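> Okay, here's the structure, questions in a sec.
The values are calculated or read from the model by the stated rules, or taken from the named source; none is laboratory data. Quantities reported herein were computed from a predicted structural model and do not represent experimental measurements. Because the Cβ atoms are built from the backbone with ideal geometry, glycine has one as well, and the counts that use them run over all protein chains shown.
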Amino acid sequence: MLRLLWLIPALPLAGYLLLLALGARLSRRQIAWVGCGSVGAAALITGLAAVEFIPQLSRRTSYRQVLWSWIDVSDMTVEVAWHLDALALLMLFVVTGIGFLIHLYSTSYMGADEGYRRFFAYMNLFVAAMATLVLADNLLLFYVGWEGVGLCSYLLIGFWYRDPENGAAAQKAFIVTRIGDTALAIGLFIIFSYLGTLSMQEVSIRAVEAWPTGSALAVTVAALLLIGALGKSAQLPLHVWLPDAMAGPTPVSALIHAATMVTAGVYLIARMHGLFTLAPAVQLAVAIIGVLTLLLASVNALMQRDIKRVLAYSTISQIGYMFLALGVGAWSAALFHFLTHACFKALLFLSAGSVILSLHHEQDMYRMGGLRRSLPLTFWSFLIGAAALSGVPLITSGFYSKDWILWSAWSSPFSNHWLWIGGIIGAMLTGLYSFRMVFLVFFGEQRTRPGPEAGPAVSIPLILLALLALTVGFLEVPRTLGELPLFSHYLAHTLPNQAAVQERDVGEEVRQQIAAGFMSLLGIGLAFSAFFPRTDPSSRTAYPSWRDNVAALWQREWGFDHTYDRLLVRPWLSLTSTSVDALDRAYQRLVDAISLTHGQFVRTQTGKVRWYAATFAIGTLVLLGLFIGFQPR
C-alpha cells in the first residue's frame, strides 16, 4: 500500500476540484459523499500504509516516493516527492483521521447553510494542503503546503464573509501569519545558499557538518524557522490571530485547532530538530516562549464569555506546552501531547458546536446553563474533553502527555526548574478555566431553551473522540505506573530518545506526578468553588478579590491588540494613506497636463486639406535641413 502514498494528499485535492467544477450540479447528499468520502478514503489509505510500514521500522525507518522532477536548474534540483517516517505517519493519522470525523460532523452542522458546497471544497483543500506539508520530502514542497493551509485558513475563517467582522478576522489571520511565513522563506533561502540543498534529511546532515554548535548561521536559521512556527502555531507574540479565528464555523475551528494549521509549527520544529540542537539559545527561547504563552493564554481563557474563545485560548496554551517540551529536547513528549490534544480538543470543539447548534447559535456561556439533562451525550462528551484537557490523573489522556512534558521540564539537562514551575501553574489554570466552562454551560438554571441533540453524524464523532480522549494516553505509561513506552519506542525511529531523563530517581518522578495531579485537581476545585451555580453567574465577576484594573487588563487580553494597533497598524495606515494621496495628486497633475496639451493639439485639426499639406511640406523641409546640417564635413 505504500505505493499508493501519493493518494493521501491527492484524494482530498480531487474532492476539492470536483466540488469546484461540478458542485453546482450535485445534491447536498452527493456533496457530503464527495467531501467526506475523499478524506475518509485518505484516512483508509493512511491506515493501510501504516499496517505495511510499521512492521518494517526495525529494518528501514523511512519510505520515499518520487512522483516527478519539479525544478532542475543549475545546482538546484527539486522533486515532487513524499517522505514517510514515524513522525509523518503520526501526523497523517491525525490530519486524515480526526479530519474525517470533523467532516462527518460537518454534514449535519452545516446542513442548512447556503455555502454547503463551498464549505466542503475549502475543507478538502485544507486537508490536502496539510497532507502535502506533512509528507513533503523537501522544504520547497513543504512551503507549498505551509502556504496552502494559510490560504485555506483565510477562506474558512472568513467563510461567512457577508459579516465585515468575519472578513476582518480572516484578514488578521492571513496578515499576522505572513510575518512568520516571510521569516521562514528567508530561512529557506539561507539554508539553500549555504548548504546547497532543500531536502529535509540532507539539510540536517549537512548543517551538522558545516555549522558548529552556536554558530551565527545556525542561530540565524533556527531563529527564522522559530518565527515561522510562532506565526502558524499562534505563540507569543504572534498569537493574536487565533482567538478572532473563531469567526469561522465551529467545524473549521476544530480542524484548525486539532488537526491542521496550529500544529504545523510544532511539526516544523520537530522535523528540523537537528538545526535547533545546533542553536541552544534558540532552543531555550522555544521553551521560554512556550511557558509564557501557556500562562498568558490560560489567564485570558478565564476572562472570556464566548465558549469558542475559551477553547481558542486553551489551544494557544496547550501548544505552549508542546513548545516547552520541544525547547527542553523532549521531542517525543511534545508529539505525544500533540496526539492527545488533537483528540480532546476536537472533542471539545465538536461538543461546543453541538451546544451552539441546539441553542440556535448562542455562544455566550452566561446565557447557557442547565444543559446536562437536555443534551446528555454532549454533556458527557464535553466533560470527558474538559477532564482530558485538565489532565485529571490516571483516567485521561491529557494527564499522561502533560505529565511527560512536566517531568521532562524538571529532569531534562536542557531545562531548569523555573520552566517546570510555569508548567505546573499552567496545569492549575487549565483545570480552572476548563471546569468553569463545564459548570457555566451544563449546571444551574437553564437560561436558553435548547433544541434536540443532532443525529448520528454528530453523535458518532463525539463518541469516538471521547473514547480516544480516555484511552490514547495509555500508549505511553510512565515507569511509575507500570511503564508501557509504546509511543516513545515508535518515535525513536525518527526523533532522538530521552535516555538522560530516564536515569533520574523514581521517587523524584512520583513526587512530580503527585504535584502535577494535585495542581490539576486544585484548579477544578477552585472552579467548583467560584462557578458552581449557587447564584446567577452573570451577577458576579469571575474573581471578586482581584483588582478591577488587573481583571480589565486580562479582559483586554493583555492589551496585545491595542499595542499592535497603536505601534504598527495606525502608523502604517497613516503612512500608506499619505503616500496614496501624494500619488493621487501626482497622477492628477499628469492628467491635467495631458488635458491641456490635448486641447492645444485639437486646434490643429481644422479639417482643411491645404493646411495639412502645408504642415506636411514644412515638416519635411525641417527634417531635410536637420539631416543635411548633421552630415560630416
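> Would you say Ala216 is crowded, with 24+ Cβ neighbours inside 10 Å, farther than 18 Å from Asn138 by Cβ, aliphatic (A, V, I, L, M) and more than 21 Å from the chain's Cα centre (by Cα)?
Considered against the rule, which asks whether it is crowded, with 24+ Cβ neighbours inside 10 Å, farther than 18 Å from Asn138 by Cβ, aliphatic (A, V, I, L, M) and more than 21 Å from the chain's Cα centre (by Cα), Ala216 comes out as no.
> Looking at His598, is it exposed (fewer than 10 other Cβ atoms within 10 Å of the Cβ) and either at pLDDT 70 or above or in a helix (DSSP H, G or I) (or both)?
In short, yes.
> Right, next: What are the residues in segment 163-178 that are farther than 23 Å from Ala128 by Cβ, surrounded by 16 or more Cβ atoms within 10 Å (Cβ to Cβ) and among the hydrophobic types (A, V, I, L, M, F, W, C), if any?
Ala169, Val176
> Separate question: Among the listed residues Ala247, Ala312, which satisfies the condition of being at pLDDT below 95 and in contact with a Pro (Cβ under 9 Å, 6 or more places away or on another chain)?
Of Ala247, Ala312, the one residue that is at pLDDT below 95 and in contact with a Pro (Cβ under 9 Å, 6 or more places away or on another chain) is Ala312.
> Within segment 316-345, restricting attention to residues that are among the aliphatic types (A, V, I, L, M) and touching a Pro at 6+ places or on another chain (Cβ under 9 Å), which residue is surrounded by the most Cβ atoms within 10 Å (Cβ to Cβ)?
Per the stated criteria, the residue is Val328.
> So Val266 fits all but one of (1) within 30 Å of Thr494 (Cα to Cα); (2) in the same structural domain as Met428 (by TED's automatic domain parsing); (3) not polar (S, T, N, Q); what number is the exception?
(2)
> Scan segment 424-460 for residues that are of a type in the set (Lys, Arg) and assigned to a helix (DSSP H, G or I) and report the count.
Number satisfying all stated conditions: 1.
> Can you run down the residue pairs with Cβ atoms below 7 Å, 6 or more apart or on separate chains, where the first is in segment 469-480 and more than 18 Å from Gly385 (Cβ to Cβ) and the partner is at pLDDT below 95 and of a type in the set (Val, Ile, Thr)?
Arg479/Val506; Thr480/Val506; Thr480/Val510
> Give the residue, chosen from Leu19, Leu5, Leu67, that is buried (at least 22 other Cβ atoms within 10 Å of the Cβ) and within 23 Å of Ala264 (Cβ to Cβ).
Result of the check over Leu19, Leu5, Leu67: Leu5.
> What is the one condition in (1) at pLDDT below 95; (2) crowded, with 24+ Cβ neighbours inside 10 Å that Leu302 does not satisfy?
Failed condition: (2).
Residue-wise test of (1) in a loop (DSSP other than H, G, I, E, B); (2) under 14 Å from Gly517 (Cβ atoms).
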| position | (1), (2) |
| --- | --- |
| Ala388 | no, yes |
| Gly398 | no, yes |
| Trp404 | no, yes |
| Pro413 | yes, no |
| Gly422 | no, no |
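> So which of Arg117, Arg59 is at pLDDT below 95, in contact with a Leu (Cβ under 6 Å, 6 or more places away or on another chain) and not in a strand (DSSP E or B)?
The unique qualifying residue is Arg117.
> Confirm whether Leu357 is part of a helix (DSSP H, G or I) and under 20 Å from Thr448 (Cβ atoms).
yes
> Okay, next question. Considering only residues that are assigned to a loop (DSSP other than H, G, I, E, B) and among the charged types (D, E, K, R), which ones fall in segment 62-77?
Across segment 62-77, the qualifying residue is only Asp75.
> Being loosely packed, with under 15 Cβ neighbours inside 10 Å and touching a strand residue (DSSP E or B) at 6+ places or on another chain (Cβ under 9 Å) is the filter here, so list the residues in segment 53-63 that pass it.
Answer for segment 53-63, where residues must be loosely packed, with under 15 Cβ neighbours inside 10 Å and touching a strand residue (DSSP E or B) at 6+ places or on another chain (Cβ under 9 Å): Gln56, Thr61.
Here is a yes/no grid of residues against (1) of a type in the set (A, V, I, L, M, F, W, C); (2) over 16 Å from the mean Cα position of the chain (by Cα):
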position	(1), (2)
Met261	yes, no
Gly265	no, no
Ala279	yes, yes
Val299	yes, yes
Leu302	yes, yes
Thr315	no, no
Tyr321	no, no
Leu326	yes, yes
Ser351	no, yes
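> State yes or no: is Ser106 within 26 Å of Gly37 (Cα to Cα), modelled with pLDDT under 95, in a helix (DSSP H, G or I) and not aromatic (Phe, Trp, Tyr)?
yes
> Hey, another quick one. Only residues that are surrounded by 15 or more Cβ atoms within 10 Å (Cβ to Cβ) and either aliphatic (A, V, I, L, M) or not in a helix (DSSP H, G or I) (or both): list them for segment 191-213, please.
Of everything in segment 191-213, those that are surrounded by 15 or more Cβ atoms within 10 Å (Cβ to Cβ) and either aliphatic (A, V, I, L, M) or not in a helix (DSSP H, G or I) (or both) turn out to be Ile191, Leu195, Thr197, Leu198, Ser199, Met200, Val203, Ala207, Val208, Trp211.
> Could you tell me how many of the residues in segment 148-162 are in contact with a helix residue (DSSP H, G or I) (Cβ under 8 Å, 6 or more places away or on another chain) and either in a loop (DSSP other than H, G, I, E, B) or more than 17 Å from Ala131 (Cα to Cα) (or both)?
Adding up the residues that qualify gives 8.
> Let me ask you something else. Please find, among Met246, Met200, the residue that is in contact (Cβ under 8 Å) with a residue 24 or more places away in the chain and closer than 18 Å to Leu275 by Cα.
The conditions single out Met200.
> Given Gly320, Gly265, Gly329, which one is in contact (Cβ under 8 Å) with a residue 12 or more places away in the chain, over 20 Å from Leu429 (Cβ atoms) and in a helix (DSSP H, G or I)?
That would be Gly265, the only listed residue that is in contact (Cβ under 8 Å) with a residue 12 or more places away in the chain, over 20 Å from Leu429 (Cβ atoms) and in a helix (DSSP H, G or I).
> Out of (1) of a type in the set (A, V, I, L, M, F, W, C); (2) farther than 14 Å from Asn138 by Cα; (3) touching a residue at least 40 places away in the same chain (Cβ under 8 Å), what's the single condition that is false for Val73?
Against the list (1) of a type in the set (A, V, I, L, M, F, W, C); (2) farther than 14 Å from Asn138 by Cα; (3) touching a residue at least 40 places away in the same chain (Cβ under 8 Å), Val73 comes up short only on (3).
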